[in-house]
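Below: one structure, written as structure tokens.
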Amino acid sequence: MATDKVVETVIVGNYVEMETEGKSKNMKTRLSKFLWHGGSVYDAWFSCASNQVAQVLLTLPYSFSQLGMLSGILFQLFYGLLGSWTAYLISVLYVEYRTRKEREKVDFRNHVIQWFEVLDGLLGKHWRNVGLAFNCTFLLFGSVIQLIACASNIYYINDNLDKRTWTYIFGACCATTVFIPSFHNYRIWSFLGLLMTTYTAWYLTIASLLHGQVEGVKHSGPTKIVLYFTGATNILYTFGGHAVTVEIMHAMWKPQKFKAIYLLATLYVLTLTLPSAAAVYWAFGDMLLNHSNAFSLLPRSPFRDMAVILMLIHQFITFGFACTPLYFVWEKAIGMHECKSLCKRAAARLPVVIPIWFLAIIFPFFGPINSTVGSLLVSFTVYIIPALAHIFTFKSAAARENAVEQPPKYVGRWVGTYVINMFIVVWVLIVGFGFGGWASMTNFIHQIDTFGLFTKCYQCPPPLPNNLNATATAPPPVHHPSNHTHHL
């Protein structure tokens with residue numbers, strides 16, 4: 001017990017010192033701190049919830065059409081629980097690592113701890129290298145997905161430009177995130193981001209219910225095993241947003257209070273994802289198989305335009321969430337991480353945005369790319385590696401006895417924790433990476449075969465003829481499935 005008190009003092013010490021050093025001198029600095037500089041439990045909750053549900057909110061109805069209503073709901077609940085548990089494991093390993101280092105008098109005030117450094121400190125360089133590779137690749141493609149989503153969404157307000165051109169534009173806009181120093185500075189953005197996704201989720205729900213079911217609606221899912229596991233891995237991706245858990249914890253004044261924050265964030269997120277996905281699928285059914293973006297089926301209105309604009313702003317925020325850890329890694333690689341000049345650090349970060357921009361133009365497959373990233377990267381980054389890292393960190397009796405954070409009683413202490421961790425490793429390896437990887441790659445390759453790389457306007461309807469004679473032809477149907485994604 002005494003040891004725990006010492007540990008808590010060590011962990012909190014530097015943060016209290018930082019907070020004292022940053023105390024406001026006048027109203028201007030107080031306002032700046034209120035809007036810009038956060039480190040409380042509430043800031044962490046807003047960051048987790050805001051980061052967890054972004055553009056994927058628009059693809060979950062598409063996943064429901066692949067899985068069916070019952071499987072869609074069950075997978076959301078199941079992966080939400082699994083994601084909360086592995087986020088807890090990451091928080092335990094972070095506190096363990098930080099405590100050991102601060103006992104050695106290491107000062108982290110000018111250094112942001114990252115997941116690969118936790119693995120390095122606890123398990124060695126081989127774990128560090130694997131963790132770094134998976135984490136960076138996942139965050140890279142997570143940023144790519146946000147750019148793709150921006151282009152896909154804005155097209156439903158302004159189709160004068162194709163989606164590729166919109167990707168160029170939003171790539172330049174998102175590059176401005178290089179000026180946001182760290183997760184401390186996302187306080188107001190996290191708060192606004194969650195308000196935006198809350199509005200969008202309830203817009204999707206209410207608009208779908210008011211619209212009612214389309215004539216002849218069918219709910220035939222699941223029909224094919226490829227579609228089933230593709231949909232499941234998109235939900236795996238949805239609740240795998242805790243790749244930035246360590247950075248969010250490091251931005252807290254008292255990181256040992258993180259523990260249940262991700263679970264509480266997940267519970268709130270479920271109140272957004274379940275009603276919206278179920279309502280849109282109820283209204284449009286199998287039509288969603290050819291419309292991976294839920295906005296494409298709802299009639300245009302001021303409410304829909306508002307939802308699109310809010311999601312665009314939120315995707316900018318989420319791009320920053322995904323890209324900021326990559327900025328840190330790059331800064332450390334080139335020796336700029338502890339530089340005091342914001343402008344120099346911002347200039348040094350710009351090369352990180354270029355490959356993200358390029359990949360978003362190569363693979364503009366909004367929807368299918370989520371499942372592919374979920375199965376191949378999320379499965380290892382935030383499920384398998386944290387579970388295995390926890391097992392190996394505390395495999396010895398001495399490590400378990402001296403652990404800073406003991407497992408809770410309600411899961412069965414160390415034995416129960418080990419069983420849960422092994423279940424996650426086996427389940428995600430077989431179902432998420434194995435079946436999910438096969439299904440999502442099959443679907444992803446089919447998108448490439450159908451539309452090609454660098455496609456100019458993915459899932460766009462064909463332009464209507466401009467000549468007057470075109471009016472004499474048969475009127476076009478409301479939807480053009482042949483010009484949308486052809487799934488296996």
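Read-outs: derived from the displayed coordinates by stated rules, not from any lab. Note that the structure is predicted; figures quoted are calculated from it, not measured. So basically every Cβ, Gly included, is an ideal-geometry build from the backbone, and we count neighbours across all protein chains shown.
Things worth noting here:
- Alpha-carbon centroid distance for the pair the range 385-405 / the range 225-299, whole angstrom: 30 Å
- Cβ-Cβ FRET estimate between residue 400 and residue 215, R0 fixed at 56 Å, reported to 0.05: 0.35
- FRET E, pair residue 391, residue 438, Förster distance 35 Å, beta-carbon r, rounded to 0.05: 0.85
- Cα centroid of the range 321-366 to Cα centroid of the range 110-183, whole Å: 8 Å
- Take 171-177, 47-53, 247-253 and order them by the average number of nearby Cβ atoms within 10 Å per residue, most first; the result is 47-53, 247-253, 171-177.
- One decimal place: the segment residue 137-residue 449 gains 109.9 nm when fully extended, by the rule 0.36 nm per residue minus the C-alpha distance.
- In this label model, residue 108 and residue 305 are separated by 4.7 nm, measuring between points 7 Å along each Cα→Cβ vector.
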